[in-house]
Amino acid sequence: MAAEIIGYIASVIAIAMYFPQVIKSWKTKQMKGISSLTFLLISFNSILWATYGILINSIPVILANFVVLILTIFMLVLKKKYD
């Protein structure tokens, strides 16, 4: 039970880490200094972690990495559009 709670807390923090950058990039339409390679690697990492979460049946791992994947793809779209 405690492990699940820690997993959910970590998931919320993992997701929250990306929101300030996504919101700032969306509002300002400024993508200078944003590395496409970094966000591609984060996307690939999220796919692997989500797959791992599915294999071990861990909802926090699946949820966090699915949302992070969506956010990183959104950042890559913004980068392509505004860079």
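Got a number for residues in the range 13-46 being β-branched (Val, Ile, Thr) and either surrounded by 13 or more Cβ atoms within 10 Å (Cβ to Cβ) or not in a helix (DSSP H, G or I) (or both)? Write out each step before concluding.
From the range 13-46, those β-branched (Val, Ile, Thr) are 13, 15, 22-23, 28, 34, 38, 42; that's our starting set.
Of the ones still in play, those that are also either surrounded by 13 or more Cβ atoms within 10 Å (Cβ to Cβ) or not in a helix (DSSP H, G or I) (or both) are 15, 22, 34, 42.
Adding up the residues that qualify gives 4.
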> Consider Leu55 against the criteria (1) at pLDDT 95 or above; (2) within 15 Å of the chain's Cα centre (by Cα): it satisfies all of them except one. Which criterion is unmet?
Replying inline: (2)
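The values are calculated or read from the model by the stated rules, or taken from the named source; none is laboratory data. Note that the coordinates shown come from a computational prediction; the quantities given were computed from them, not determined experimentally. Every residue, glycine as well, gets a Cβ built from its backbone with ideal geometry; the counts of neighbours run over all protein chains shown.
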